[in-house]
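Below you'll find the structure, written out as structure tokens, and then a few comments.
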Amino acid sequence: MSRKALEEMAARVREKKSAYERYNFERLQEEAFATFFDLAQEYTSLENLYLICVTVPKEFFQLESRLYVLHHKSGRLEKVCTSEEGLLPDAQRPDSTMPALAEKITETDHSYLLPIRGNVALTQWLPFAGGHAILGLFEIYPKDRVDDKGLFFLEKFSNRIGYNLHQKLLLQQNIQHIKFINQLVADIEHNVISPNLYYKLFLLRLKKAIENYRELQDKLRDLIMFTQTQDSTLCRDLCEVYHLLSTDNDELEEEYHALKKHYEHTSLFLETLLRRDHFEKGTYVLRRQPCNFRTEIIQPLLERYMPIFAKAGITVDNKLGDIPDEEVTLFVDKGLISQVFENLFSNAVKYTREVEDARGQKIKMVSYHRNILKNHFGEGIHGVRFSIFTTGEPLSPEEAKKLFEEGFRASNVGREKGTGHGLHFVKNVVEIHGGEVGCEPKKYGNTIYFILPLKESQDMPPSENA
């Protein structure tokens, strides 16, 4: 692939070399090109590019010019700069006498209007492009000073304006996006994550209320014990109230535990994926801490997913593997790794299918397995492999290799909705932990796995940035 890319680029360079030989530009025109490119590199702002565009033809060829550019929001053509007035104020840029946008060179009584073409491959990233690569017009006058050779040069010069303009428009747009994202993160932290902490206080109050009801229940039981020899009718009525109260308390406590688990899962999700550091660094930033996978991730996740698996008719075979818990306390970002398992379990619900085994029995199963791989990441650095097998149609070897690519969806997904992002997220998170991912097609289904390096606590700090 690398060799082929090199050969293709070499061929493209030869084409350009041949083209410039045909262009046969004069020395002054070549110097104008070089000056434009040098200054366009030196000055990064859009406004300075506008000024460069109108000053180069004037200083080199004594030609006046006007620069028209499509507005980044409205998509309307605006006059942004002239060689006589410089940059125009925003209020003066829209004009009812604006020339019509055209894909070919047009002319008026005294000027030429040259289309400014952007990079076709990048057109989709500009909201105003509308499917074409024309970004504006470059008007040159007086036209009687421009011969055919000069017009050809100006056409090529306008194309260079377009490519530089396109890049700077995208840069400006990206800067605006980054500013918006940073503001959005601040809003999320203020309006979502911080208020979410109030739910913790609510849960504490709810737990206290349940404890108070239990105390009332105990007092009522004592009262029943006292009245059972005094008044049988009253005792019977109190027993009925006691049983009703006990049932309500049991249900309330069950709801409390379910709500608490949901709160803990949601809080971990919000804190992990909406972490400010991710947005500031432009990548996932790890906050490592010791984590026991069985008790802190797998068991809570299975408790939530077991009813879902049961509803889908999926049997769960939970093989915890050949290593005891105390040997798999890894130093990881617990929130991100939890989302890895969340994605894998969610996919298992969607894509597990019924198959017929060698004995002719119908099975629809998910199997979780964990084992240690000695020296997997080098001498003395063992790996812990976490595998999830699901029954169904085995993937082809080619599909198995592409499974973790962004946007890829295998041929066995059927009508299940999805974006192909979940497993790509899994790959990113595992790899920034120093691990690896993979998929192994089996006879009755597929095994998706990831391997993390097993390191001693003294080798890994409690907190580490990716």
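The values are calculated or read from the model by the stated rules, or taken from the named source; none is laboratory data. Nothing here was measured: the structure is a model prediction, and the numbers come from that model. For neighbour counting, all protein chains shown are included, and Cβ atoms are generated from backbone atoms with ideal geometry for every residue, glycine included.
Of the residues in segment 351-395, how many are surrounded by 12 or more Cβ atoms within 10 Å (Cβ to Cβ) and part of a loop (DSSP other than H, G, I, E, B)?
To start, the set of residues in segment 351-395 that are surrounded by 12 or more Cβ atoms within 10 Å (Cβ to Cβ) comprises 351-355, 357, 363-373, 376-377, 381-395.
Restricting the remaining residues to those that are part of a loop (DSSP other than H, G, I, E, B) gives 352-354, 357, 364, 376-377, 381, 392-395.
The total comes to 12.
From the list Y263, Y256, which one is over 28 Å from the mean Cα position of the chain (by Cα) and under 25 Å from K208 (Cβ atoms)? Show your work before the answer.
Details: Y263 fails: over 28 Å from the mean Cα position of the chain (by Cα).
Unique residue meeting the criteria: Y256.
Against the definition (polar (S, T, N, Q), under 36 Å from the mean Cα position of the chain (by Cα) and under 30 Å from N174 (Cα atoms)), how does S65 come out, yes or no?
Working: polar (S, T, N, Q): yes; under 36 Å from the mean Cα position of the chain (by Cα): no; under 30 Å from N174 (Cα atoms): yes.
Answer is no for this residue.
Regarding D237, is this residue charged (D, E, K, R) and at pLDDT below 80?
In short, no.
Of these, I323, I298, which one is among the hydrophobic types (A, V, I, L, M, F, W, C), modelled with pLDDT under 90, under 28 Å from the mean Cα position of the chain (by Cα) and within 17 Å of L452 (Cα to Cα)?
Numbers: I323 fails: under 28 Å from the mean Cα position of the chain (by Cα).
Matching residue, one of I323, I298: I298.
Would you check if N182 is at pLDDT below 80 and surrounded by 14 or more Cβ atoms within 10 Å (Cβ to Cβ)?
Working: at pLDDT below 80: yes; surrounded by 14 or more Cβ atoms within 10 Å (Cβ to Cβ): no.
So N182 fails the test.
Does K219 satisfy being under 30 Å from V429 (Cβ atoms) and not assigned by TED's automatic domain parsing to the domain that holds G335? Walk me through it before giving the result.
Working: under 30 Å from V429 (Cβ atoms): no; not assigned by TED's automatic domain parsing to the domain that holds G335: yes.
No: the conditions fail for K219.
Exactly one condition in (1) outside any helix (DSSP H, G or I); (2) farther than 27 Å from V340 by Cα; (3) in contact (Cβ under 8 Å) with a residue 24 or more places away in the chain is false for V285; which is it?
(2)
Considering only segment 1-46, state which residues are under 23 Å from K168 (Cα atoms) and loosely packed, with under 13 Cβ neighbours inside 10 Å.
Across segment 1-46, the qualifying residues are A34, D38, Q41, E42, T44, S45.
Is there any pair linking a residue in segment 85-99 that is over 13 Å from H71 (Cα atoms) and assigned by TED's automatic domain parsing to the domain that holds L67 to one that is of a type in the set (S, T, N, Q) and part of a loop (DSSP other than H, G, I, E, B), with Cβ under 8 Å and at least six apart or on different chains, and which?
P99/T108
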